[in-house]
Amino acid sequence: MAAHGTIFGAMLEEFDVAARILSLEPGIWKILTTPKRQIIVSCPIQMDDGRIEVFTGYRVQYNITLGPGKGGIRYHPDVSLDEVSALAAWMTWKCAVAHVPFGGAKGGVICDPNKMSRRELEALTRRYVAEIIDAIGPEKDVPAPDVNTNAQVMAWVMDTYSMHVGHTTTSVVTGKPVELGGSLGRREATGRGVMIATRESAAHLGLDMKRATVAVQGFGNVGSISAQLIAQLGSKIVAIADWKGGVYNAKGLDIEKLLEYAPAHEHSVAGFPGGDPISNEDLFKMEVDFLIPAALENQITMKNAPGIRAKAVIEGANGPTTPEAHEHLHKRGVFVVPDILANSGGVTASYFEWVQDRYGYFWTESEVNDRLEAKMVQAFNAVSGMAKKYNIDMRTAAYVVAIDRVATVTRMRGMYA
Ligand code: GLU
């Protein structure tokens with residue numbers, strides 16, 4: 001088990017608080033804090049210049065009690081077994097909070113996709129999938145996009161698996177292009193879920209979305225769509241910062257223009273002419289109603305949490321707030337909607353995609369969005385109801401909901417041996 005101080009350790013700290021509230025028995029406690037399966041693979045790839053590079057990849061199936069493992073594949077230089085294990089655990093709790101019949105898994109490859117050609121990325125994806133092929137499948141473990149992976153990468157995952165088993169198997173992976181078994185609305189679903197969580201929080205706190213101000217960290221799939229959909233509710237997105245720089249406009253940024261600008265400028269908002277530059281540090285200090293971290297983990301720490309002046313933090317990213325920083329924010333009365341609830345729209349729509357693939361019958365975009373709306377509101381109400389019942393913060397409440405659901409099924413299924 002990873003020591004505290006690691007990302008997995010942060011997950012365990014969050015888990016422990018909720019498990020104590022539930023008086024979880026020691027045996028179930030042990031099962032739920034241990035990854036079921038951790039796979040490490042080496043992926044040798046011939047690069048475009050002829051040299052051979054070996055990339056390390058991981059797939060962790062943290063818990064598969066409720067159903068097949070589910071979770072994205074991340075390509076990033078900072079990927080580690082510790083990080084992937086924590087992300088797989090968070091997927092377990094996320095699927096349980098979202099009430100979809102999946103366990104939790106996650107994959108990652110240590111690489112810098114910004115420095116790789118399309119051919120190299122395809123070769124790496126196919127080799128990685130070939131290395132973990134026995135562990136994945138529609139009934140076993142179903143990957144999806146995550147940081148630096150997209151629908152095209154999922155198409156390669158699906159094709160590699162299908163070539164291996166000898167027939168087209170769309171339901172092995174979600175987040176695919178719509179033309180080959182993807183679901184309408186899936187690409188926008190995480191951001192749509194963040195928008196719903198923000199809107200529900202506003203109602204909970206008595207804030208008006210039409211007058212709300214919002215700062216967003218990250219302008220990838222989650223940050224950009226969250227900003228777009230929240231702006232459509234009439235709120236002002238006053239600041240966005242990403243890996244390269246940030247932009248600020250007190251009157252509200254033109255998100256539609258930013259959505260055109262970023263892809264043409266290294267996928268960054270830096271240098272956008274419709275506002276003034278702002279640093280990542282200053283974004284966290286802004287007096288806004290909602291702060292939405294939608295980049296990577298460990299962004300809100302004790303270094304910057306005391307300076308946060310937002311009324312609410314909606315976690316679009318996985319693990320953006322350290323446990324100490326979370327406690328600090330909670331004590332100061334900042335309303336924090338945790339990752340496993342706030343960003344669960346993505347996996348909920350992944351569930352819809354998996355269902356449609358297995359059914360061979362596809363829904364309209366409004367059917368997907370309506371079902372996503374219903375699931376997100378149900379999840380939000382289950383968590384806020386639990387927070388009220390025990391007088392606890394939303395993160396602890398989300399863990400209580402999740403752990404209770406997984407523990408109940410673990411007890412029902414009993415021990416195999
Ligand atoms: N990578 C996304 C997440 O962290 C989606 C996972 C999925 O759809 O399986 O929730």
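Remarks
- Top-ranked residue of the stretch 329-372 - restricted to ones that are surrounded by fewer than 16 Cβ atoms within 10 Å (Cβ to Cβ) and part of a helix (DSSP H, G or I), ranked as nearest to the ligand (Cβ to nearest atom): Arg358
- Some residue of the stretch 153-174 being on the phi > 0 side of the Ramachandran plot, assigned to a loop (DSSP other than H, G, I, E, B) and within 14 Å of the ligand (Cβ to nearest atom): no
- Within the stretch 117-137, not a single residue is in contact with a helix residue (DSSP H, G or I) (Cβ under 9 Å, 6 or more places away or on another chain) and closer than 24 Å to Val383 by Cβ.
- For Phe380, the stated conditions do not hold, so it cannot be described as buried (at least 18 other Cβ atoms within 10 Å of the Cβ), aromatic (Phe, Trp, Tyr), within 13 Å of the ligand (Cβ to nearest atom) and in a helix (DSSP H, G or I).
- Top-ranked residue in the stretch 213-229 [being of a type in the set (Gly, Ala, Ser) and crowded, with 24+ Cβ neighbours inside 10 Å; ranked as nearest to Ala250 (Cα to Cα)]: Ala215
- The stretch 56-70, subset outside any strand (DSSP E or B) and within 13 Å of the ligand (Cβ to nearest atom), residue surrounded by the fewest Cβ atoms within 10 Å (Cβ to Cβ): Gly67
- The set of residues in the stretch 135-146 being out of contact with any Phe, Trp or Tyr (no Cβ under 7 Å at 6 or more places or on another chain) and buried (at least 22 other Cβ atoms within 10 Å of the Cβ) consists of Asp141, Pro143, Ala144, Pro145, Asp146.
- Residue selected from the stretch 154-185 under the condition of a type in the set (D, E, K, R) and closer than 15 Å to Glu353 by Cβ, by the criterion surrounded by the fewest Cβ atoms within 10 Å (Cβ to Cβ): Glu179
- Test: residue in the stretch 264-282 that is modelled with pLDDT of 95 or more, farther than 29 Å from Arg74 by Cα and hydrophobic (A, V, I, L, M, F, W, C): no
A quick yes/no check of all residues on (1) touching a Lys or Arg at 6+ places or on another chain (Cβ under 9 Å); (2) crowded, with 16+ Cβ neighbours inside 10 Å:
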site: Phe8; (1), (2): no, yes
site: Leu12; (1), (2): no, yes
site: Arg20; (1), (2): no, no
site: Ser23; (1), (2): no, no
site: Cys43; (1), (2): yes, yes
site: Asp49; (1), (2): no, no
site: Val54; (1), (2): no, no
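- Residue in the stretch 93-103 that is under 17 Å from Pro143 (Cβ atoms), away from the ligand (no atom under 13 Å from the Cβ), part of a helix (DSSP H, G or I) and at pLDDT 95 or above present: no
- Residue match in the stretch 238-260 (condition: assigned to a loop (DSSP other than H, G, I, E, B), closer than 28 Å to Thr149 by Cβ, touching a Gly at 6+ places or on another chain (Cβ under 6 Å) and aliphatic (A, V, I, L, M)): yes
- Within the stretch 104-152, considering residues that are in a helix (DSSP H, G or I) and within 14 Å of Gly72 (Cα to Cα), the one nearest to the ligand (Cβ to nearest atom): Ala151
- Complete set of residues in the stretch 295-318 that are surrounded by fewer than 24 Cβ atoms within 10 Å (Cβ to Cβ) and under 21 Å from the mean Cα position of the chain (by Cα): Ala295, Leu296, Glu297, Asn298, Gln299, Thr301
- Residue within the stretch 299-321 that is farther than 22 Å from Phe380 by Cβ, modelled with pLDDT of 95 or more, within 16 Å of the ligand (Cβ to nearest atom) and not aliphatic (A, V, I, L, M) present: yes
The values are calculated or read from the model by the stated rules, or taken from the named source; none is laboratory data. Here the structure is a predicted model, which is why all the values come from computation and not from measurement. Please note: Cβ atoms are built from the backbone with ideal geometry, for glycine as well, and neighbour counts cover all protein chains shown.
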